[in-house]
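Report on the structure given below.
The values are calculated or read from the model by the stated rules, or taken from the named source; none is laboratory data. The shown structure was predicted, so the numbers you read here are calculated from the model rather than taken from an experiment. A quick note on method: Cβ atoms are made from the backbone with ideal geometry, for glycine too, and the neighbour counts reach across all protein chains shown.
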Amino acid sequence: MNEKNNIYPLTRQKFPIAEYTIAGTLISLFSIFLGFYASAITFASQSYPELNIGVIIAIHNSIISNLIVTASTAVPLIAGLFYMLARRHAAMMTGGPAPRP
């Protein structure tokens, strides 16, 4: 901190590993949701005229439960992947191993 003007410096000395990890995980999670939505819309447009309401509700419940299971399984794996990629990128940018948080 600059004592004379009480101004904080605007530059960061550390690579933002956590920010890259969170951003990558959120974008991947959005992609998962979009994929499930696209598959549900495709299935609906092809099959709903032949199905009754009970089967449609069962299919929707199955899709939602599968989405929850997939998201809860994929988020830790995706976050770990993006964490490793961000640490590797930080190591490449600094010329050595990435600093421990």
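Kindly indicate whether Ala74 is at pLDDT below 80, surrounded by 12 or more Cβ atoms within 10 Å (Cβ to Cβ), hydrophobic (A, V, I, L, M, F, W, C) and in a helix (DSSP H, G or I).
Against the criterion (at pLDDT below 80, surrounded by 12 or more Cβ atoms within 10 Å (Cβ to Cβ), hydrophobic (A, V, I, L, M, F, W, C) and in a helix (DSSP H, G or I)), Ala74 does not qualify.
Just to be sure before I move on: is Ile68 among the β-branched types (Val, Ile, Thr) and over 30 Å from Lys14 (Cα atoms) in the structure I sent? Show your work before the answer.
On the way: among the β-branched types (Val, Ile, Thr): yes; over 30 Å from Lys14 (Cα atoms): yes.
Against the criterion (among the β-branched types (Val, Ile, Thr) and over 30 Å from Lys14 (Cα atoms)), Ile68 qualifies.
Yes/no per residue for (1) touching a residue at least 12 places away in the same chain (Cβ under 8 Å); (2) closer than 30 Å to Pro16 by Cβ; (3) touching a His at 6+ places or on another chain (Cβ under 7 Å):
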| position | (1), (2), (3) |
| --- | --- |
| Phe30 | no, yes, no |
| Phe33 | yes, yes, no |
| Ile41 | no, no, no |
| Glu50 | no, no, no |
| Ser62 | no, no, no |
| Ala71 | yes, yes, no |
| Leu77 | no, yes, no |
| Phe82 | yes, yes, no |
